[in-house]
Amino acid sequence: MSDFTGRMATWDGKSPDLRSWSDDELLDGLRQLGIDTDKAGFEALAKAAKLQSDIEDDWLVASGTKDEGAQVFLWMSVQELWERWRVDAWPKDRMARMFAYLVDAEYAHEWASRCHAPTGTQVMEALTAFLEAADDSKAALDELVEMLGMPSAAWPSKLLDAMAEWAEVGNVTLAMGGGELMATVLGEGHRDVFMATAFMTSRLYDRAQSAALQVPHDAPVKGGFAEMTGYLCLAGGSALSARYWLTEAKGRTRPKRSELTFAAETARDFIKDAQAMAGEIPDRTRKAALQAASQSCFYAVMAFAGM
């Protein structure tokens, strides 16, 4: 790239450093490649684009450069200016990239190390607004995930893993936002049910129990999630809530005794005894309930693949 001048002459597409460039340096590099833009022009272009990749492709064609390093510069400049100038536009492929950034810690670290990435909260807000505007929010999110080359069934487990990580580093608000998003997109469940599920998948049992105890009885919780909530409530010391989720909730499963594990049998035998509701829950029963919750959580999460 010896024909370039200024900061552009030092550009190395294999070790990109755009984040350290000033606006003037970046725009000068683009001009050397035949792209003349400014903040107002780029913002208008971004807001009118159906896809972020359309701008990337148009700039590559307009430049006509065959230099691979220069092509990387053009591609990364679109992304960099979008982040740097905080353009509030979210075409579908950009939203897909941001979803990947949101739920994948390694991808997020890579992204943040070379771009002015938005915060997780900003991405969650944009994603929520995007899905609320869709006719079918689940189909819309499935499409975003498939644009990343992943099967649509992969996003629930990825989001649950991310929620546990966010809560672990103290960003409970973002984690709760993930739970709200799951309940909205799936059309059932409850924020705290999915928080409990996230904690269970990460073996954060005390937090899982606390989250389960917060689930209101009128929440539309079905299948294995109702069972998991009930077992966690019993493990957390609330036999009354456990009794509701395991014997009264509308969406609960109705397994035969032969279909239960020994842990689940122990938990259900305990709540059948009305006298036990007012007494202390034995430690043995709490441990059995926690094991049963782990098993029901596993099957409930596996069921995502069939949604």
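Among the residues of the range 35-44, is any in a helix (DSSP H, G or I), surrounded by 19 or more Cβ atoms within 10 Å (Cβ to Cβ) and in contact with a Gly (Cβ under 8 Å, 6 or more places away or on another chain)? Step through it out loud before you land on a result.
We begin by selecting, within the range 35-44, every residue in a helix (DSSP H, G or I); these are 39-44.
Still in the list and also surrounded by 19 or more Cβ atoms within 10 Å (Cβ to Cβ): 42.
Next, only the ones that are in contact with a Gly (Cβ under 8 Å, 6 or more places away or on another chain) stay: none.
Scanning the range 35-44 turns up no residue that is in a helix (DSSP H, G or I), surrounded by 19 or more Cβ atoms within 10 Å (Cβ to Cβ) and in contact with a Gly (Cβ under 8 Å, 6 or more places away or on another chain).
Looking at GLU125, GLU106, which is the one that is at pLDDT below 85, surrounded by fewer than 20 Cβ atoms within 10 Å (Cβ to Cβ), part of a helix (DSSP H, G or I) and of a type in the set (Asp, Glu)? So that I can check it myself, show each step before the final result.
Numbers: GLU125 fails: at pLDDT below 85.
Result of the check over GLU125, GLU106: GLU106.
The rows are residues; the columns are (1) at pLDDT 95 or above; (2) more than 32 Å from the chain's Cα centre (by Cα); (3) within 28 Å of GLY170 (Cα to Cα).
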{"site": "VAL193", "(1), (2), (3)": "yes, no, yes"}
{"site": "SER202", "(1), (2), (3)": "no, no, yes"}
{"site": "VAL215", "(1), (2), (3)": "yes, no, yes"}
{"site": "VAL221", "(1), (2), (3)": "no, no, yes"}
{"site": "MET228", "(1), (2), (3)": "yes, no, yes"}
{"site": "LYS256", "(1), (2), (3)": "no, yes, no"}
{"site": "GLU259", "(1), (2), (3)": "no, yes, no"}
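Residues checked against (1) more than 28 Å from the chain's Cα centre (by Cα); (2) surrounded by fewer than 20 Cβ atoms within 10 Å (Cβ to Cβ):
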site: PHE270; (1), (2): yes, no
site: GLY279; (1), (2): yes, yes
site: ARG284; (1), (2): yes, yes
site: ALA293; (1), (2): no, no
site: PHE298; (1), (2): no, yes
site: VAL301; (1), (2): no, yes
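Please go through the range 182-205 and give me each residue that is free of Cβ contacts under 8 Å to residues at least 60 places away in the same chain and not in a helix (DSSP H, G or I), ordered by number.
Those that are free of Cβ contacts under 8 Å to residues at least 60 places away in the same chain and not in a helix (DSSP H, G or I): GLY187, GLY189, HIS190, SER202, ARG203, LEU204.
With the requirement that a residue be over 11 Å from the mean Cα position of the chain (by Cα) and touching a residue at least 24 places away in the same chain (Cβ under 8 Å), what does the range 152-179 give you?
Listed by number, the residues that qualify are ALA153, ALA167, GLU168, ASN171, THR173.
The values are calculated or read from the model by the stated rules, or taken from the named source; none is laboratory data. Please read all numbers here as calculations on a predicted model, not as lab measurements. Cβ atoms come from the backbone with ideal geometry, glycine included; neighbour counts cover every protein chain shown.
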